[in-house]
Each structure stands twice: as C-alpha cells, then as structure tokens.
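Trainee: Below is a structure I'd like to ask you about.
The values are calculated or read from the model by the stated rules, or taken from the named source; none is laboratory data. If you're wondering where the values come from, they're calculated on a predicted model, not measured in any experiment. Cβ coordinates were reconstructed from backbone atoms using ideal geometry, including for glycine residues, and neighbour counts include every protein chain displayed.
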Amino acid sequence: MANSYTKKFRYERKLIVPSSLDYYLDFLIKSHPARFKQSYKDRSINNVYFDTLNYEYYNQNISGLPKRDKFRVRWYGELYGLISPIVEIKSKRGSVGTKSLYKVDKFSFIKSTSAYSFRNQLLNAVSLNEIKLEIMNCYPTLLNTYKRKYFESYDGKFRITIDTDIKSHNIRLNTPFHSFFNVVNSYNILELKYDKEDESMANLISSNLPFRLTKYSKYVNGMQSVVL
C-alpha cells in the first residue's frame with residue numbers, strides 16, 4: 001500500500017445479524033443471486049479511536065449531522081506485538097462515505113502500554129505534519145477488536161463484510177490496555193458496500209439479505225457501552 005491514499009465515495013448498508021445465526025451466514029451469502037464469493041482471507045481487526053476532549057467526533061455521529069468524521073488507528077492480526085498501524089480518517093457526507101489512509105512506521109504495542117504511551121508512540125511514528133496535528137488535538141477513547149470475513153459479487157460491484165466477536169474496551173490515558181473493561185456484542189454486523197454509481201441495484205441486492213437495516217456505528221456503540 002502507498003504511504004497515503006483516499007478511497008472514493010461509496011455507500012455502506014449495515015445489517016444486524018444475531019450471533020445465533022453464524023452457522024447460516026456463509027450459506028446465505030454464497031447462495032445469493034449476485035453469486036458472492038469469499039474475496040479475501042479472514043482476519044482480525046484492531047482499532048484505537050481518537051476523539052477530542054469534548055468528544056466532537058462522537059457527538060457528530062450521534063447528532064446525525066450530514067458531515068461526520070471519525071479518526072482511528074487500525075492494524076490487522078494479533079492485538080499485541082510489533083504492529084503495522086494505519087491512520088484512518090473516515091468521513092461521511094450525507095449517505096456516502098470515504099476514508100483517507102496513512103501508513104506509519106511500526107511500533108510495539110504490549111499489554112502494559114497505556115493510552116498515553118500509545119499516543120506518544122504514534123506521534124513518533126507519523127511523518128506527515130497534518131496527521132501529527134490531528135493526533136495532538138485528540139486522545140485515545142476506545143479500543144475495539146473483531147474478526148472479519150470478506151465477500152464480493154460475481155461482477156465485482158458489491159462487497160460484503162461480516163464482523164463477528166466484536167469487543168469494545170474502555171481506554172484511560174494512564175491505565176494499561178490489558179486492564180480495561182470490555183463488552184462482547186451478542187450480534188454480528190454485515191455491511192454491504194458499493195460505489196455511488198451502483199446505488200440503483202443495491203435494493204435488489206439487500207432484499208435477499210433478511211436482516212434489519214441499521215445506522216450502527218462501532219465507535220458510537222462502543223462508547224455508549226463502556227465509556228459514557
């Protein structure tokens with residue numbers, strides 16, 4: 001991946017799936033008329049979200065403002081160890097969203113790392129001044145982890161991800177990460193993702209996914225579960 005890039009705007013439809021239906025999901029997706037197939041290996045995702053002292057990003061998202069942003073650091077695989085972080089600024093403009101990604105230098109994340117230490121290591125790993133400034137104006141507020149599966153339709157226009165075992169962890173600046181209280185969700189999240197130009201077909205695709213559409217946000221849900 002290049003050191004930085006921005007994805008084009010796309011739609012995301014999120015559906016809540018009870019954890020009890022895990023066994024059924026793969027069959028449902030692979031038997032979908034759009035002929036979805038697994039497009040990438042399963043992997044674990046870890047995120048540390050940042051926010052201002054008055055929770056500006058959180059409040060944007062619960063208020064439903066047309067312009068909403070999230071700032072997070074993501075890495076894949078094991079939670080602890082030498083991590084390869086990617087800074088992501090996720091932006092929603094109305095119903096469509098995009099994100100800018102910035103690859104930064106590796107650093108160690110261990111169980112005794114505090115949120116304060118994590119922030120300082122991230123500052124040292126980032127080279128772009130605009131990202132350094134964003135980090136300096138924000139603080140870690142939430143850690144979440146989950147497992148993700150990836151699928152793509154036969155024509156390549158629609159993507160589905162399934163997130164399971166979603167855990168949210170409270171973060172306090174001077175407390176080691178391993179001591180944080182965590183909440184495990186009793187449901188999974190299915191996301192249907194597609195480009196703006198394919199919106200006309202999205203209703204047909206989602207009509208074969210018999211789950212409840214939601215405006216679910218992992219950040220908002222996690223904050224409400226373990227922080228606020």
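Trainee: Just one of (1) in a strand (DSSP E or B); (2) in contact with a Ser or Thr (Cβ under 7 Å, 6 or more places away or on another chain); (3) touching a residue at least 24 places away in the same chain (Cβ under 8 Å); (4) of a type outside the set (A, V, I, L, M, F, W, C) trips up LYS8, so point out which.
Mentor: Result: LYS8 fails condition (1) only.
Trainee: Could I ask something else about it? Could you tell me whether any residue of the stretch 23-42 is closer than 22 Å to GLY222 by Cα and out of contact with any Gly (no Cβ under 7 Å at 6 or more places or on another chain)?
Mentor: No, because not a single residue in the stretch 23-42 is closer than 22 Å to GLY222 by Cα and out of contact with any Gly (no Cβ under 7 Å at 6 or more places or on another chain).
Trainee: Could you tell me how many of the residues in the stretch 116-131 are assigned to a helix (DSSP H, G or I), of a type outside the set (D, E, K, R) and within 13 Å of PRO85 (Cβ to Cβ)? Break it down into steps so the answer makes sense when it comes.
Mentor: Looking only at the stretch 116-131, we keep the residues that are assigned to a helix (DSSP H, G or I), and these are 116-125, 129-131.
With of a type outside the set (D, E, K, R) added as a condition, the list becomes 116-118, 120-125, 129, 131.
Narrowing further to those that are within 13 Å of PRO85 (Cβ to Cβ): 118, 121-125, 131.
Qualifying residue count, the stretch 116-131: 7.
Trainee: Scan the stretch 91-143 residue by residue and report those that are within 17 Å of the chain's Cα centre (by Cα), without any contact (Cβ under 8 Å) to a residue 60 or more places away in the chain and buried (at least 19 other Cβ atoms within 10 Å of the Cβ).
Mentor: Matches in the stretch 91-143: LYS92 only.
Trainee: Conditions first: (1) modelled with pLDDT under 95; (2) surrounded by 14 or more Cβ atoms within 10 Å (Cβ to Cβ); (3) of a type in the set (Phe, Trp, Tyr). TYR49 passes all but one, so which condition is the exception?
Mentor: In the conditions (1) modelled with pLDDT under 95; (2) surrounded by 14 or more Cβ atoms within 10 Å (Cβ to Cβ); (3) of a type in the set (Phe, Trp, Tyr), TYR49 misses (1) alone.
Trainee: When the residues of the stretch 12-29 are narrowed to those that are among the charged types (D, E, K, R) and either part of a strand (DSSP E or B) or in contact with a Phe, Trp or Tyr (Cβ under 6 Å, 6 or more places away or on another chain) (or both), which ends up nearest to ILE162 (Cα to Cα)?
Mentor: We begin by selecting, within the stretch 12-29, every residue among the charged types (D, E, K, R); these are 12-14, 22, 26.
Cutting the leftovers down to either part of a strand (DSSP E or B) or in contact with a Phe, Trp or Tyr (Cβ under 6 Å, 6 or more places away or on another chain) (or both) gives us 12-14.
Values: GLU12: 13, ARG13: 12, LYS14: 10 Å.
My answer is LYS14.
Trainee: Additional query: Starting from residues that are without any contact (Cβ under 8 Å) to a residue 60 or more places away in the chain and of a type outside the set (Ser, Thr, Tyr), keep the ones in the stretch 211-227 and report whichever is surrounded by the most Cβ atoms within 10 Å (Cβ to Cβ). Quick ask: steps written out before the conclusion?
Mentor: Here is the first cut: in the stretch 211-227, the ones without any contact (Cβ under 8 Å) to a residue 60 or more places away in the chain are 221, 224-225.
Okay, now just the ones that are also of a type outside the set (Ser, Thr, Tyr), so 221, 224.
Numbers: ASN221: 18, GLN224: 14.
Within the stretch 211-227, the match that is surrounded by the most Cβ atoms within 10 Å (Cβ to Cβ) is ASN221.
Trainee: Exactly one condition in (1) closer than 28 Å to LYS215 by Cβ; (2) in a loop (DSSP other than H, G, I, E, B) is not met by ASN59; state its number.
Mentor: Exception for ASN59: condition (2).
Every residue, every condition in (1) within 24 Å of TYR40 (Cβ to Cβ); (2) hydrophobic (A, V, I, L, M, F, W, C); (3) in contact with a Cys (Cβ under 6 Å, 6 or more places away or on another chain), yes or no:
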residue	(1), (2), (3)
ARG68	no, no, no
VAL73	yes, yes, no
LEU79	yes, yes, no
ILE89	yes, yes, no
GLY94	no, no, no
ILE110	no, yes, no
GLN121	no, no, no
SER127	no, no, no
ILE131	no, yes, no
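Trainee: Whether any residue in the stretch 49-63 is over 30 Å from ASP105 (Cβ atoms) and in contact (Cβ under 8 Å) with a residue 24 or more places away in the chain is what I want to check.
Mentor: yes
Trainee: So, one more: Any idea which residue in the stretch 132-168 is modelled with the lowest pLDDT, counting only those that are of a type in the set (Asp, Glu) and not in a strand (DSSP E or B)?
Mentor: Looking only at the stretch 132-168, we keep the residues that are of a type in the set (Asp, Glu), and these are 134, 152, 155, 163, 165.
Now drop any that are not not in a strand (DSSP E or B), which leaves 134, 155.
Numbers: GLU134: 91, ASP155: 95.
Out of the qualifying residues, it is GLU134.
Trainee: Quick test for you: out of LYS99, LYS111, pick the one residue that is out of contact with any helix residue (DSSP H, G or I) (no Cβ under 6 Å at 6 or more places or on another chain) and either part of a loop (DSSP other than H, G, I, E, B) or under 30 Å from GLU199 (Cβ atoms) (or both).
Mentor: On the way: LYS111 fails: out of contact with any helix residue (DSSP H, G or I) (no Cβ under 6 Å at 6 or more places or on another chain).
When all the criteria are applied, what remains is LYS99.
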